[in-house]
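The values are calculated or read from the model by the stated rules, or taken from the named source; none is laboratory data. Quantities reported herein were computed from a predicted structural model and do not represent experimental measurements. Note that each Cβ is placed from the backbone with ideal geometry, even for glycine, and that neighbours are counted across all protein chains shown. Ligands, DNA and RNA are stripped out before the accessible areas are found, and what is left, the full protein with its side chains, is counted by its heavy atoms. Shrake-Rupley method; radii C 1.70, N 1.55, O 1.52, S 1.80 Å.
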Amino acid sequence: MFPLTTVQTCIVHLIRNSLAFVSWKDRKLILPDRKAIYRAETAEAAAAELEAFDAPWGKRYPAIGQAWRRAGEYVVPLFAFPPAIRKMIYTTNAVESLHRSLRKIIKTRGSFPTDEAALKLRFLAIRNAGLRWRRAVEWTTAMGQCAILCGERFEPSAR
């Protein structure tokens, strides 16, 4: 449907998933080493950071490195973007929040007389959800970089 779409996993969910394998006493110790992976400049640097992470932590928590390697194909697209854009797209929480609110609206109604009635309700839910959104701090910088990277696919009115 959207052939130019880049698929990327949510870094926040990958981090949470990898923390599931870590004892509470080691979480604060692991954070800086793990942060270095997704904050690396390039995909190659991230792979090197993952290897560096495995040196001290790989024996104790081998599942962390395995989880990041399994998701590697969906993490690599993140490194194609400048840091300002990365900061905007590293998590899918906003999208998931919108999906949750749409599911809640549909679920509480039970049934609809027509498909158009359901569509109108979803439209109103999205419009109302937009009232709670706020512009991210780095959005102006990210918007300029998106305009350069995406060219005509980027809609300036999407501000």
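Rolling a 1.4 angstrom probe over the protein heavy atoms, how many square angstrom per residue are accessible across the stretch 1-118?
On the way: 7850 Å² over 118 residues.
Solvent-accessible surface per residue comes out at 67 Å².
With the crude spin-label approximation of a point 7 Å out along Cα→Cβ, what separation in nm comes out for Glu44 versus Arg122?
4.4
How large, in percent, is the carbon and sulfur part of the accessible surface of the stretch 1-86 at a probe radius of 1.4 Å?
Details: 3260 of 5300 Å².
Its accessible area is 61 percent carbon and sulfur atoms.
How large is the helix-only mean residue ellipticity at 222 nm for the chain, computed as the sum of -39500 (n - 2.57) over DSSP H runs with n ≥ 4, divided by its residue count, in deg cm²/dmol to the nearest 500? Can you show the working numbers first?
Working: 9 runs with 103 residues, N = 159.
Only helices count here, giving -20000 deg cm²/dmol.
Please give the FRET efficiency for Leu29 paired with Ala52, using the beta carbon to beta carbon distance and R0 = 22 Å, rounded to the nearest 0.05. Walk me through the numbers before you get to the answer.
Numbers: r = 14 Å, r/R0 = 0.66.
Efficiency, rounded to the nearest 0.05: 0.95.
What does the charge count near Arg60 come to, summing +1 for each Lys or Arg and -1 for each Asp or Glu among other residues with Cβ under 14 Å from its Cβ?
Summing Lys/Arg as +1 and Asp/Glu as -1 gives +1.
With volume of the Cα convex hull per residue in Å³ as the read-out, I listed [x] 169; [y] 132; [z] 106; which label goes with the value calculated from this structure?
[x]
I want to check the label-to-label distance for Asn93 and Glu155. Put each point 7 Å from Cα in the C-beta direction and report it in nm to one decimal.
Here the modelled spin labels are 2.6 nm apart.
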